[in-house]
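**Q** Structure in structure tokens, see below.
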Amino acid sequence: MSIFKMQEVSIIIEDRTILEKTSLEIPPDNIIGISGPSGAGKTTFLKIFNRLWEPATGEIFFEGKPITSIEHTLLRREVVLLFQEPLLFGPRVKDDLLFPFSLPRFKQNPPARSMLEKALQAMSLPVSYLGKNSSELSGGEKQRIAIARSLLLQPKVLLLDEPTSALDQELSDSLLDCIFQIHTPRLVMFISHDPKLLQQADVHYRLQNHQLKKGGIKK
């Protein structure tokens with residue numbers, strides 16, 4: 001069974017068509033890379049998978065169920081979207097990593113300190129950062145903390161918008177390995193202009209001229 005299935009999906013922002021009547025099945029256990037020119041609507045495309053944006057036409061299925069039949073908070077617990085500009089919510093790094101577990105809608109026990117330490121180390125950050133003031137973090141550190149926080153929720157799907165934009169090349173090249181050290185989602189879908197990251201995808205699609213076209217398959 002596909003993890004996502006799109007049937008005749010169109011995306012329109014005001015009077016501008018982003019995607020036109022597209023049907024696609026996305027199988028589980030895949031890494032999907034999305035590229036395309038600036039302004040093509042790539043971020044909006046990601047948003048349709050956790051209903052932060054609704055398609056103008058067509059239907060989307062998640063694990064065989066119409067996505068519209070799944071309660072918003074449950075869907076967004078299973079399908080986590082991380083934007084290019086990460087938001088931090090706690091005064092310290094530890095507080096930020098634990099923030100989602102303080103929300104009633106998640107109803108999940110917070111991870112043990114050992115898991116927090118593992119997440120930091122996977123993101124090439126020292127354990128001592130648990131007590132660090134979040135306001136003192138660099139842009140790249142904030143991005144890594146936000147990714148780690150999302151993975152601690154153990155989502156089925158991780159959606160990433162330009163996840164390496166604030167990272168150095170070495171960490172960018174190893175980002176997917178870092179992610180899988182913390183948690184292995186059933187699907188990782190990311191937007192990127194980084195050719196090295198796109199080469200690590202199992203399937204690469206390019207969004208351009210209202211169409212989603214396969215750009216390459218990992219050999």
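The values are calculated or read from the model by the stated rules, or taken from the named source; none is laboratory data. It should be emphasised that the depicted structure is a prediction, and the values quoted were computed from it without experimental measurement. Here the Cβ positions follow ideal geometry from the backbone for every residue, glycine too, while neighbour counts run over all protein chains shown.
**Q** Being in contact with a Ser or Thr (Cβ under 8 Å, 6 or more places away or on another chain), β-branched (Val, Ile, Thr) and within 18 Å of ALA56 (Cβ to Cβ) is the filter here; which residues of the stretch 1-26 pass it?
**A** Of everything in the stretch 1-26, those that are in contact with a Ser or Thr (Cβ under 8 Å, 6 or more places away or on another chain), β-branched (Val, Ile, Thr) and within 18 Å of ALA56 (Cβ to Cβ) turn out to be VAL9, ILE11, ILE13, THR17, ILE18, THR22.
**Q** Given (1) among the hydroxyl-bearing types (Ser, Thr, Tyr); (2) touching a helix residue (DSSP H, G or I) at 6+ places or on another chain (Cβ under 9 Å); (3) closer than 26 Å to HIS204 by Cβ, where does THR57 come up short, assuming only one miss?
**A** That leaves (2) as the condition not met.
**Q** Being buried (at least 16 other Cβ atoms within 10 Å of the Cβ), acidic (Asp, Glu) and farther than 27 Å from SER128 by Cβ, is that true of even one residue in the stretch 62-78? Can you show your working first?
**A** Step one: list which residues in the stretch 62-78 are buried (at least 16 other Cβ atoms within 10 Å of the Cβ), which gives 62-63, 67, 70, 75-78.
Remaining after also requiring acidic (Asp, Glu): 63, 78.
Keeping just the survivors that are farther than 27 Å from SER128 by Cβ gives 63, 78.
Yes.
**Q** Also, I was wondering about something else. If only one of PHE89, PHE99, PHE83 is closer than 20 Å to SER135 by Cβ, in contact with a strand residue (DSSP E or B) (Cβ under 6 Å, 6 or more places away or on another chain) and not β-branched (Val, Ile, Thr), which one is it?
**A** Details: PHE89 fails: in contact with a strand residue (DSSP E or B) (Cβ under 6 Å, 6 or more places away or on another chain); PHE99 fails: in contact with a strand residue (DSSP E or B) (Cβ under 6 Å, 6 or more places away or on another chain).
One residue alone meets the criteria, PHE83.
**Q** Kindly establish whether PRO111 is under 13 Å from the mean Cα position of the chain (by Cα), surrounded by 15 or more Cβ atoms within 10 Å (Cβ to Cβ) and either in a loop (DSSP other than H, G, I, E, B) or among the β-branched types (Val, Ile, Thr) (or both). Break it down into steps so the answer makes sense when it comes.
**A** Values: under 13 Å from the mean Cα position of the chain (by Cα): no; surrounded by 15 or more Cβ atoms within 10 Å (Cβ to Cβ): yes; either in a loop (DSSP other than H, G, I, E, B) or among the β-branched types (Val, Ile, Thr) (or both): yes.
It is false that PRO111 is under 13 Å from the mean Cα position of the chain (by Cα), surrounded by 15 or more Cβ atoms within 10 Å (Cβ to Cβ) and either in a loop (DSSP other than H, G, I, E, B) or among the β-branched types (Val, Ile, Thr) (or both).
**Q** Also, I was wondering about something else. Under 20 Å from the mean Cα position of the chain (by Cα) and either surrounded by 14 or more Cβ atoms within 10 Å (Cβ to Cβ) or at negative phi (or both): does that describe VAL157? Show your work before the answer.
**A** Numbers: under 20 Å from the mean Cα position of the chain (by Cα): yes; either surrounded by 14 or more Cβ atoms within 10 Å (Cβ to Cβ) or at negative phi (or both): yes.
For VAL157, the condition - under 20 Å from the mean Cα position of the chain (by Cα) and either surrounded by 14 or more Cβ atoms within 10 Å (Cβ to Cβ) or at negative phi (or both) - is met.
**Q** Please work out which one of (1) aromatic (Phe, Trp, Tyr); (2) in a helix (DSSP H, G or I); (3) free of Cβ contacts under 8 Å to residues at least 60 places away in the same chain is the condition PHE45 fails and give its number.
**A** (3)
**Q** Shifting gears a bit: Which pairs turn up if I take residues in the stretch 103-120 that are farther than 19 Å from GLU78 by Cβ and charged (D, E, K, R) and look for partners that are at pLDDT 95 or above and surrounded by 12 or more Cβ atoms within 10 Å (Cβ to Cβ) with beta carbon separation below 6 Å, at least 6 apart in sequence or on another chain?
**A** Going by the 6 Å Cβ cut-off, the qualifying pairs are GLU117/VAL127.
**Q** Related question: Output yes when any residue across the stretch 14-32 is free of Cβ contacts under 8 Å to residues at least 40 places away in the same chain, surrounded by 14 or more Cβ atoms within 10 Å (Cβ to Cβ) and closer than 27 Å to LEU97 by Cβ, and no when none is.
**A** No; the residues of the stretch 14-32 include none that is free of Cβ contacts under 8 Å to residues at least 40 places away in the same chain, surrounded by 14 or more Cβ atoms within 10 Å (Cβ to Cβ) and closer than 27 Å to LEU97 by Cβ.
**Q** A further question follows. Would you be able to say whether some residue in the stretch 161-170 is among the hydrophobic types (A, V, I, L, M, F, W, C) and in contact (Cβ under 8 Å) with a residue 40 or more places away in the chain? Working first, answer last.
**A** Looking only at the stretch 161-170, we keep the residues that are among the hydrophobic types (A, V, I, L, M, F, W, C), and these are 166-167.
Cutting the leftovers down to in contact (Cβ under 8 Å) with a residue 40 or more places away in the chain gives us none.
Checked the stretch 161-170: no residue is among the hydrophobic types (A, V, I, L, M, F, W, C) and in contact (Cβ under 8 Å) with a residue 40 or more places away in the chain.
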